[in-house]
Each structure stands twice: as C-alpha cells, then as structure tokens.
Ligand code: PFF
C-alpha cells in the first residue's frame, strides 16, 4: 500500500499550518485545563504535582502527540482507516486498526459526559451574565457577583442545578447541538472557522482574568509559590497516576481527535515543531489557568483542595466578594465555554469521520447521528445526579464502587481506555510501523529522531503501561 496521497477520503482539510495548530490547540485546551488541572494540582499539594506533570508532558505527552498526528497524516483517513493503512504499508496485521476503534470509542464516550459538564458551564454563563446585566442596569457595574446571596446560597446553586434534570438535560442539549452544528459544517467551514474565532477570544479572556487576579488580589505571589514550590512529601503513587492520566486527557491523546485531525494536515507541514507547539500551548494554558484561579481562591481564604467544586462553588463565592466580580465571573465562565466547545468538536469529529468514511453518509447526517447517540448517553449521566442517583454502573468493581454514572464513564475512559490507547500507539509506532515512513513523517533526523524513537518505543510503553496497571489495581501501590 503506497501512502503518498495527502488528505482524506472527503477531501476536506486545514487551509494552513496555523489553522491546524489552532484547531489542535483548541482540542487540547478545554475543561481539562481549566477545571481538572487546577483541581488536581490543588488536591495534590501544588508544586510537586505540577513539576511531575510537566515532566510527563515532555517525556511522554509530546512524543505521543507527534506519534498520533503522524499516524493520521500518513494514513489519511478516519482514525480506524489511518491505522489500518499504516499497518498495511508496514506489512503488519490489519488488527492494529483496533487502536483506532478503541480511540474513537473513548472519544465518543468522553463526548457524552463532557457535554453534560459543559452544560453546567453554560448555566454559570447565564447566571453570571444575567447578574452582570442586572448590576449594570442598576448602575452598579462594579458590584460583586450574586449580590445579596449568602455563601450557602451561592454554593447551593450547584445542588439546585443537579436536582433539576430538565435543566441539566436542556443545557447538555444546547451544548451538543452547538458541537454538532460546527462539525456538520465541515473541517474548513466548521471546525477551522470555530477554532479561528474562539481560540484567540479564549486567550484574550484568559489573560484578562489572570491580570485581574494579579492586580486586584495580593495573592499572586502566594499562588506562584503554591504552584511552583515543590513539596515532594505531597506526592504519592496515586498522584503520579493522576498526573499522567491528566496529561493524556489534556493533550487529547488516545481519544481519536489527534489521529483524525492529523489526516487533514498537508504533506508539507513539518510535524515535530508543530506537535511541540501544541503540547507547549496546552501546558502553558494549564499553568495560566492555575495562576488565574489560585490568587482568586486564596484572596477570599478558600481551600485550593476543594476538588471538582473549585470552579463552580469556590470561585463564585470569590466573585461575590471581589470588585467587578459579576463582570469577571461572566468573562470567566464564557472563556471556559469557548475552551470546552473547541474540544468537544474534536471529540465528535473522530467518530463522525469514521461514519462518513465507513458508511458514506453525508457529513451533517453523520454528525447528527453520532451526536444524537452521545447526547442520549449524556442524558443518562445527567440523570445520575437526581433520578438515578443511587445507580453505580460498575459498583461491583472496587475502583468504581462509589462512582455515579458520569464519574464511572470519566473514570473508565480516563483510567483504562486512554492509557490503553496511548500504550498501543506507542507500541505500534515504536516497534511495528515502517521505520522509514515514520521517520519521514516526523521530519526529524539524527540524534533527535533517535531520542524521539527511544521515548516512544521504551519510555512511553513502560510508563503508560504502569499507569494502566496501577489504575486497574490500586492495591498494587
Ligand atoms: N483535551 C480536552 C480537555 O483538556 O478538556 C479533552 C479532550 C478533547 C480529550 C479531545 C480528548 C480529545 F480527543
């Protein structure tokens, strides 16, 4: 099988390298950076966790990002077809295409609950936006958010939302519909255009809120110290495990997104520096998100280890007490919404591209179909907070014994499917794919290629394999 043809079956693709970088950074930067990363860093003591995270990104994440993009570009189809093409070219078994199947299944499942969480974000966009407009019209544009509410009332908003299945499902529907609409519009006219508008807007808003925190609070120095002074006693094997899982999730690895986006990259793009930029941008945003959130959390004496409630409960309390908090709260939730949307479109694109290639469906039909089924699974996740709150889908399995429906899906994909998908990519690219093809795709030569290959062939499988093992059998550590 000769792999000389650029582009995909559909013939649609990125208009430029910058467009690809924006779309891939858009896929990478999402709820993972702004919600999960600061939450995990806060829970695991800050500095040491962040140092380990950065190490994982450089040694494992970056080589894997390059591996996935090159597989996509070399294969030139949807995630399954691309791996199958590269395997055929390398005279290897067709069964390797299972990597693609595993990845798009993971992406599809992540999409279904990701959209539910993004729905919570929309709820806060509206709540803070309405509040800001109210403050503006009553002549107090610099008021705090949720004026007149007690701390209990503000944190109680989350519980009220969870107790309201119709609202949860409605918000989830809005987010999924937006995602489907963009993907249905095509790679160039939908995904690329969305990334071109939303990502720059996201960066501007991120810088505004970070500067605001640095100027208005006196806690910026404390936040820097919290994030960058390593206290290694806070590190334990579970934290290492979480750091690697988070690195995979945040870089959008093993969920079909990068494999699929890679197929739309033209032949003349040099992939190694491109992959490096994507990994650095994603990690940079995670750091900035910490520098944005922690000063605000510290300024009102809240706990950085608040867990998943950090941005939905702690930050609204902070916005309540801070000058112009209603405006900043609105800006803050809007920026998370933008980040979530550019990620969810990459999650939907993976399975959609497969449906288009496999069944020859038109793109809008494929996007609506895949989005519709993911929506239905998300509905079940949303009901897990109210009507089905007793349900523990994998309750028989000790690692998921306490997990509600959404947490189970999150845990199953994050602890099992992503590490497994990343492990298989490393093994395939490092050991089985045609070496000449791989080297040519990376654009690397000499020592750099050897170093990259060493990381992919040895370091990634061992490290990711260990994470998978410990994730499955926490008793081992
Ligand atoms: N990287 C995204 C985030 O950090 O929120 C989540 C994600 C998007 C994972 C796309 C996987 C993926 F294919």
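Among 218, 131, a tally of other beta-carbon atoms within 10 Å of each Cβ gives an order, fewest to most, of 218, 131.
Classify region 190-246 as rounded, prolate or oblate, taking a ≥ b ≥ c as the square roots of the eigenvalues of its Cα gyration tensor: rounded when a/c is under 1.5, otherwise prolate if a/b is larger than b/c and oblate if not. Oblate is the answer for region 190-246, as a/c is 1.5 or above yet b/c matches or exceeds a/b. With a Förster radius of 35 Å applied to the C-beta separation of residue 15 and residue 204, the computed FRET efficiency comes to 0.95. On full extension, the segment bounded by residue 147 and residue 177 gains 7.6 nm, given 0.36 nm per residue less the C-alpha separation.
Using C-alpha positions alone, give me the convex hull volume of region 5-117 per residue in cubic angstrom.
It is 139 Å³ per residue.
Cα-based radius of gyration for region 163-318, normalised by 2.2 N^0.38 Å, reads 1.26.
The overall shape of region 271-397 is oblate: from the C-alpha gyration tensor, with semi-axes ordered a ≥ b ≥ c, the ratio a/c is 1.5 or greater and a/b is no larger than b/c. Against the main long axis of the alpha-carbon atoms of the chain, helix 62-75 sits at an angle near 50°. Segment residue 448..residue 163, full-extension length gain: 97.2 nm, with 0.36 nm per residue of separation and the alpha-carbon distance subtracted. With the Cα gyration tensor of region 49-173 giving a ≥ b ≥ c as the square roots of its eigenvalues, does the rule (a/c under 1.5 for rounded; else a/b larger than b/c for prolate; else oblate) give rounded, prolate or oblate? Because a/c hits 1.5 or more and a/b exceeds b/c, region 49-173 counts as prolate.
Taking the fewest neighbouring Cβ atoms within 10 Å as the starting point, the ordered list for 397, 14 is 397, 14. Between residue 396 and residue 238, the FRET efficiency from the beta-carbon distance, with R0 = 22 Å, is close to 0.50. The angle separating the long axis of helix 151-162 from the principal Cα axis of greatest extent in the chain is about 40 degrees.
The sum of -39500 (n - 2.57) across all DSSP H runs of n ≥ 4, divided by the residue count of the chain, sets its helix-only mean residue ellipticity at 222 nm to -22000 deg cm²/dmol. In terms of Cα atoms, the Rg and Dmax of the chain work out to 21.7, 71 Å. Taking Cα atoms only, the orientation of helix 325-359 departs from the longest principal axis of the chain by about 30 degrees. For region 396-466, dividing the convex hull volume of the Cα atoms by the residue count gives 99 Å³ per residue. Ordering 360, 73 from the fewest to the most neighbouring beta carbons within 10 Å gives 360, 73. Inter-part distance, region 342-419 to region 201-251, computed on C-alpha centroids, equals 28 Å.
Note on residue 197 and residue 266: with the Förster distance fixed at 22 Å, the Cβ-Cβ geometry gives a FRET efficiency of about 0.50. Our note on the geometry: Cα centres of region 53-79 and region 104-163, 34 Å apart.
Only the coordinates and a few stated rules stand behind these numbers; no lab work does. These numbers were taken from a predicted model, which means no experiment stands behind them. A quick note on method: Cβ atoms are made from the backbone with ideal geometry, for glycine too, and the neighbour counts reach across all protein chains shown.
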